[in-house]
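S.K.: First the structure, which I've put down as structure tokens, then a few questions once you've had a look.
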Amino acid sequence: MGVRIRTTGTSTVTDTHSVVEHSGSAAREAVRRAGIRTDEVGVLINTGIFRDSNTVEPAVSALIQKAAGIGLDYVKNDARTFSFDLMNGAVGVLNAVQVAGSILTTGSTGHVLIVAGDTHPSLTRSTADAEFPYATAGAALLLEHVDGPEGFGPVHTATAPGTAAERAYVDTATMGTVGRGLMTIEREPDFEDRVLAVATEVARTALAGADTARVALIASTPSPQFPKLLADALGLDQDAVRVPDLSAGDPHTATLPLAYDRAVAEGSLAGYTHVLFVAAGAGPSAAATLYRLPAETV
């Protein structure tokens, strides 16, 4: 028995820079692709970090739930959808997979929807630059419990000692009256090397005993070359790496679902039995899990 990805949803280039709208759109697409009713989604977990106008309250998950049209009826005996934010940077999606697995194995709901996405808080741009290295995008994974062997294995996590390697904050000393549209990102010179080291460590744990010749790799993209550097460190073939569209920059929290959606759409997972998902970023911290592909994907 396991927890598998039933469908995905994405939202990238549109006429909005709102991550609430992007994530809501991705959530709607995942539900539509699955052919289920919105009231069959018992839990929605938002893992996005950089949000519209630096919103603090209410929980952004509630705004995304509303944008997605999920759980908005309050008639007696109607099904309820519980939503919450789970924020741990680029690692958040795999943390959410871990939580979703615990929820689904209880049988309390048939589906858990994980949404991810980031945007510049000013809502004026969608493409990364030197000061803000993240693209605006939204993505969703609709998860379900299955009796077969496919699905996620254990989620392994690791952190490295020392300073955070990357920091994102609103500079209260200089923000003046425009703080809701500002975000300061600082990366240490050895950021990529430190993130790669902890990602390699946790990925090796997840890979233990696997036939690496049949494992595709989907990893975070703090730099365009990061997944291939990780593949080299793990001894995986470069051709096994699958990435999202990086033309606008790093999709950050949405990278893993965007890359998986793209690989499935292109049919590029044929011949592989597993996907190694590796999320890594500021901390430095990382998480990894080996996902057994459903037979129809292989």
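The values are calculated or read from the model by the stated rules, or taken from the named source; none is laboratory data. Small disclaimer: the values here were computed from a predicted structure and weren't measured. Cβ: placed from backbone, ideal geometry, glycine included. Neighbour counts: every protein chain shown.
S.K.: Give all pairs with beta carbons closer than 7 Å in which a residue from the stretch 201-221 that is closer than 26 Å to L246 by Cα meets a residue that is of a type in the set (F, W, Y) and not in a strand (DSSP E or B); count only pairs at least 6 apart in sequence or on separate chains.
M.R.: R214/Y272; V215/Y272; A216/Y272; I218/Y260; A219/F226; S220/F226
S.K.: Oh, and also: Out of all the residues in the stretch 21-30, is one or more within 17 Å of H145 (Cβ to Cβ) and in contact (Cβ under 8 Å) with a residue 12 or more places away in the chain?
M.R.: Filtering the stretch 21-30 down to residues within 17 Å of H145 (Cβ to Cβ) leaves 30.
Then drop every residue that is not in contact (Cβ under 8 Å) with a residue 12 or more places away in the chain, which leaves 30.
Yes: the stretch 21-30 contains one or more residues that are within 17 Å of H145 (Cβ to Cβ) and in contact (Cβ under 8 Å) with a residue 12 or more places away in the chain.
S.K.: Could you pull out the residue among L142, L123 that is part of a loop (DSSP other than H, G, I, E, B), in contact (Cβ under 8 Å) with a residue 12 or more places away in the chain and either aliphatic (A, V, I, L, M) or not assigned by TED's automatic domain parsing to the domain that holds H17 (or both)? Before you say what the answer is, go through the steps one by one.
M.R.: Working: L142 fails: part of a loop (DSSP other than H, G, I, E, B).
It is L123.
S.K.: Could you tell me whether any residue of the stretch 130-147 is small (G, A, S), modelled with pLDDT under 95 and over 15 Å from R6 (Cα atoms)?
M.R.: Of all residues in the stretch 130-147, those small (G, A, S) come to 130, 135, 137-140.
Okay, now just the ones that are also modelled with pLDDT under 95, so 130.
Then keep just the ones that are over 15 Å from R6 (Cα atoms); that gives 130.
Taking every residue of the stretch 130-147 in turn, at least one turns out to be small (G, A, S), modelled with pLDDT under 95 and over 15 Å from R6 (Cα atoms).
S.K.: Something else about it: Do the conditions hold for G92, that is, is it at pLDDT 95 or above and in contact with a strand residue (DSSP E or B) (Cβ under 6 Å, 6 or more places away or on another chain)? So that I can check it myself, show each step before the final result.
M.R.: On the way: at pLDDT 95 or above: yes; in contact with a strand residue (DSSP E or B) (Cβ under 6 Å, 6 or more places away or on another chain): no.
The answer is no for G92.
S.K.: Still on this structure, please answer the following. If T105 satisfies all but one of (1) in contact (Cβ under 8 Å) with a residue 40 or more places away in the chain; (2) surrounded by 14 or more Cβ atoms within 10 Å (Cβ to Cβ), what's the number of the condition it fails?
M.R.: Status for T105: all satisfied but (2).
S.K.: Now for a different question. Among the residues of the stretch 231-252 satisfying the criterion of being closer than 16 Å to T289 by Cα and under 18 Å from the mean Cα position of the chain (by Cα), which is surrounded by the most Cβ atoms within 10 Å (Cβ to Cβ)?
M.R.: Among residues in the stretch 231-252 that are closer than 16 Å to T289 by Cα and under 18 Å from the mean Cα position of the chain (by Cα), the one surrounded by the most Cβ atoms within 10 Å (Cβ to Cβ) is R242.
S.K.: So which strands (runs of 3 or more DSSP E) stay within the stretch 189-298 end to end and still have 1 or more residues that are farther than 30 Å from H120 by Cβ and in contact with a Lys or Arg (Cβ under 7 Å, 6 or more places away or on another chain)?
M.R.: Values: elements: 215-219, 274-281, 285-292.
The qualifying strands (runs of 3 or more DSSP E) are 215-219, 274-281.
S.K.: Which one is farthest from A233 (Cα to Cα), of the residues in the stretch 161-199 that are touching a Pro at 6+ places or on another chain (Cβ under 9 Å) and of a type in the set (D, E)?
M.R.: Restricting to residues being touching a Pro at 6+ places or on another chain (Cβ under 9 Å) and of a type in the set (D, E), the top hit is E166.
Conditions tested, residue by residue: (1) among the basic types (K, R); (2) closer than 22 Å to N54 by Cβ; (3) buried (at least 21 other Cβ atoms within 10 Å of the Cβ).
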position: G92; (1), (2), (3): no, yes, yes
position: D118; (1), (2), (3): no, yes, yes
position: S126; (1), (2), (3): no, yes, no
position: Y134; (1), (2), (3): no, yes, yes
position: A140; (1), (2), (3): no, no, yes
position: G162; (1), (2), (3): no, no, no
position: D171; (1), (2), (3): no, yes, no
